[in-house]
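The values are calculated or read from the model by the stated rules, or taken from the named source; none is laboratory data. Only a predicted model underlies this, so the values are computations on that prediction, with no experimental measurement involved. When we count neighbours, we look across all protein chains shown, and the Cβ atoms used for this are built from the backbone with ideal geometry, even at glycine. The area values use the complete protein model at the heavy-atom level, side chains included, leaving out ligands, DNA and RNA. Shrake-Rupley method; radii C 1.70, N 1.55, O 1.52, S 1.80 Å.
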Amino acid sequence: MLARFSGVTDRGLDTTVPPGSDGRWSRRRQWAADGVVGFMMKQAVDHPECISLAAGLVDPQTLPLEATREATQRMLADESRARAALQYGTTEGAQRLRDLLLEYLAGLEGVSTDQLGITPDQLVLTTGSQQLLSILCETLLDPDDICLVADPTYYVFLGVVAGLGARAVPIESDEGGMKIESLEETLQALRDCGDLPRVKLVYVVSDHDNPRSVSLETPRREQLVEVVSRYSTKQQIFILEDAAYRELYYDASPRPSVWSFDDRRQSVVLAQTFSKCFSPGLRVGFGVLPRELVGPVTDLKGNEDFGSASFNQYLLATAIEEGLFHPHVQRLRATYAAKRDRLAAAVTKYLGDVEGVEWLVPAGGLYIWMTLPEGVDAGWGGTLFERAVDQEQVMYVPGDLCHAGSDDVRPRNGLRLSFGVETPDRLELGLERLARAIRAEL
């Protein structure tokens, strides 16, 4: 039977020493133990014959080979830029790319760069957006501090919070994202019991979220900023907006960011990445920080890496400047929209007649979220997961991993299905195999 998460409960820290520990490891090591990411990667290696509806990877056929080759050649042809790309950079990242990202962000928000109300020194380049999520949590969260999260949410982020000994408290969500009335009720309950000073962060994946590919409705974005501001009485509660899938929209128009509703630019951290919309191998992400967070975040980052890879930042800057980036994103949207349609059609074909099976067809992102009848255990270490992997050779992400809280309160009948990495034919075959496993469980 597969091990389940340990470490942080829904109300506090589990400070017991794990069996077999001899005291060598730090508490942070203990809190971070039994992470699921390593297991899922190991499963992919140990079961190469498995069809992965789990991996949140990008389609290898869409990787920008020609655009990257051309950008690399142009960058290296300029001796000054080539030397800068091959040298150490700054903690904040290459000034050239940060200047470009002001224009890029202004385009996403539909405003001029002046209207953004920030300067390039509030942009920090990171090794993917994951590094920013981690460093920001290190900056803000002490053991037993509280981070409020939309439920369900990005399970790797839950691991980051747990690894610091902090508590992730779930906020109800629906097809419009985090429910603001639930957020306000939770904040009021925490104030009533004296825990409001422990609330340091609210985390939300705003566009086509992981795991459900739902987006926070535009009115809720403004309300989120307003509610958090109202409860930031003794200290600033920050909002971390993870917009990793912002560019991957298929059927809907882009929304203004949560960050755009923070008129004073002091409460929202915007995290974005080029891993999903260009190349994960470059590992280039960026954060837009309130001015008071720039120093604390860059201090921690400088201690860890002396600055993220200069070569990758200069390469991406060249791709943007030379007009190689935006056409790639347009092609990517068309490819993923077709793959989403193929997987959604397969769900209807193989499970459409099964009572109690429900799923969301997303307007963007990389995932389809499915729920099964409550009697079916699709969770981590459950019989469906083992049957799917061992007998049917198909893998999914158990939905319980995406819920905050202790084992006894997390729903175990959800599944995250990714259409990112596999071909359309293998997506359908994988769903056919998964449907056999589900029917057998039923």
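Of note:
- A straight chain from A189 to E79 at 0.36 nm per residue would run longer than the Cα-Cα distance by 33.6 nm.
- Stretching D390 away from D144 to a fully extended chain increases their span by 84.7 nm, per 0.36 nm per residue minus the current alpha-carbon distance.
- Percent carbon-and-sulfur accessible area, the stretch 121-214, ignoring ligands, DNA and RNA, probe 1.4 Å: 45 percent
- For the stretch 90-162: relative contact order, % (alpha-carbon pairs under 8 angstrom, 6 or more apart): 31 percent
- DSSP assigns beta bridges within the chain; of those with both partners inside it, close to 50 percent run antiparallel.
- Relative contact order of the chain, pairs being alpha-carbon contacts under 8 Å that are 6 or more residues apart, as %: 24 percent
- Listed peptides 91-104, 55-68 appear in the order 91-104, 55-68 once ranked by packing, highest mean of other Cβ atoms within 10 Å at the front.
- Mean residue ellipticity (222 nm) of the chain, computed from DSSP H runs ≥ 4 via -39,500 (n - 2.57), nearest 500: -12500 deg cm²/dmol
- Shape of the stretch 210-273, Cα gyration tensor, a/c cut at 1.5: prolate
- Modelled FRET efficiency - R0 25 Å, D121 with E217, Cβ distances, 0.05 increments: 0.15
- Spacing of the modelled spin labels on S232 and H326, each 7 Å from Cα toward Cβ, amounts to 3.3 nm.
- Computed lengthening from V361 to Q266, 0.36 nm per intervening residue step minus Cα-Cα distance: 30.7 nm
- Accessible area of V124 in the full protein assembly, 1.4 Å probe (Å², nearest 10): 0 Å²
- Cα gyration tensor shape for the stretch 126-182, rounded if a/c is under 1.5, else prolate or oblate: oblate
- The stretch 408-422 and the stretch 45-93 have Cα centres spaced 28 Å apart.
- Label-to-label distance for E66 and R291 is 4.6 nm, based on points extended 7 Å past Cα in the beta-carbon direction.
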